[in-house]
Amino acid sequence: MRLRRKSVLCVFAHPDDEAFGPGGTIAKLAKRHRVYLLAATKGQAGKDRGRRATRDLARRRATELRASAKILGVRKVFFLGFADGALSNNLYHRLAASIERYARRFRPEVFMTHEPRGGSGHLDHIAVSMAVSYVFERLPFVRALLYSCLRAERARALRKGYFIYVPPGYRRSEIDLRVDTRDVWEQRVEAMQAHASQSHDLKRILRFAERFPKEENFLVLLKGARAGLGRAARGAAARRMLGL
Ligand SMILES: [Zn+2]
């Protein structure tokens, strides 16, 4: 049976979360589906090539994200306009409403976002993860939610010398879906390189990535009768749904 083309809405906190995170999977999905990307902020609180940011960093990073997304095959990028580093409970429903607006427009069958502990542990990632989960529950047409997560070994290695606390990653037995990204590795590296203002991070991340298998990991939430499926069945359902 031919796989029906679907819409996938990826929601991340910052420009570069897509390429430095599940960029390989995004590239694979974009070959068969319509992939859209929402960035909650423009990453304006970050550093610029390791130096303190100036005022036009937001504009630069937005341009970099558009370039990265294009390399990955994403159809369109939207910025939700929140301030970097400022996502909080106060903004919960504004953030959720803004995600919901795009979801109603594109009617994705699948959402992708940060896992609930925020991957690297950035509080903006956690806020986005919660808001996306909230919207997922509200919209019946979104059938699956993919939480991009780190393997335990990776999280442990990342924790050394990282600027914030990195929560524990997930053991192999806790992961629902593993995506082999060897075939899109070059594309993902190119997308990472598009984030030139983050070159101080890029070298470290690339060196780091070489040490681990070229695969990306996800927790999967499903709905209705399939919500109660076991781990392997959840992963298989997501794989089938997306042709991964
Ligand atoms: Zn981020």
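Each reported figure results from applying straightforward, stated rules to the coordinates on display, with no laboratory input. Keep in mind that what you see is a predicted model, and the values were worked out from it rather than measured. Cβ atoms come from the backbone with ideal geometry, glycine included; neighbour counts cover every protein chain shown.
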Where the convex hull is taken over the Cα atoms of region 116-244, what is its projected area averaged over directions, in nm²? 8.7 nm²
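How large is the helix-only mean residue ellipticity at 222 nm for the chain, computed as the sum of -39500 (n - 2.57) over DSSP H runs with n ≥ 4, divided by its residue count, in deg cm²/dmol to the nearest 500?
Mean residue ellipticity at 222 nm (helix-derived): -12500 deg cm²/dmol.
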Between Lys47 and Ala83, what is the label-point separation in nm under the 7 Å Cα-to-beta-carbon projection? 2.3 nm
Region 1-141 - charge dipole about Cα centre, Lys and Arg +1 at Cβ, Asp and Glu -1, debye rounded to 20: 780 debye
List the DSSP H helices in the chain whose Cα atoms stretch 18 Å or more along the helix axis and whose mean Kyte-Doolittle hydropathy is at least -1.0. 57-72, 92-106, 123-138
Sorted from largest to smallest, which semi-axis lengths in Å does the alpha carbon gyration tensor of region 7-242 give for its equivalent ellipsoid, taking the root of 5 times each eigenvalue? 25, 21, 17
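Shape call for region 48-127 from the C-alpha gyration tensor, a ≥ b ≥ c root eigenvalues: rounded (a/c under 1.5), prolate (a/b greater than b/c) or oblate? The partial results should precede the final answer.
Values: a/c = 1.65, a/b = 1.17, b/c = 1.41.
Note, shape of region 48-127 comes out oblate.
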By Cβ neighbour count within 10 Å, fewest first, Ile164, Ile71 rank Ile164, Ile71
Please sort 224-237, 189-202 by packing, taking for each peptide the average over its residues of neighbouring beta carbons within 10 angstrom, highest first. 189-202, 224-237
Ranked packing of 23-35, 93-105, most packed first, by mean Cβ within 10 Å: 23-35, 93-105
Region 68-103 residues near the modelled Arg5 label - backbone nitrogen below 18 Å, point 7 Å along Cα→Cβ: 70-77
In percent, what relative contact order does the chain have, based on Cα pairs under 8 Å that are 6 or more apart in sequence? 24 percent
Computed over region 38-120, the relative contact order (Cα-Cα under 8 Å, seq sep at least six) in percent reads 34 percent
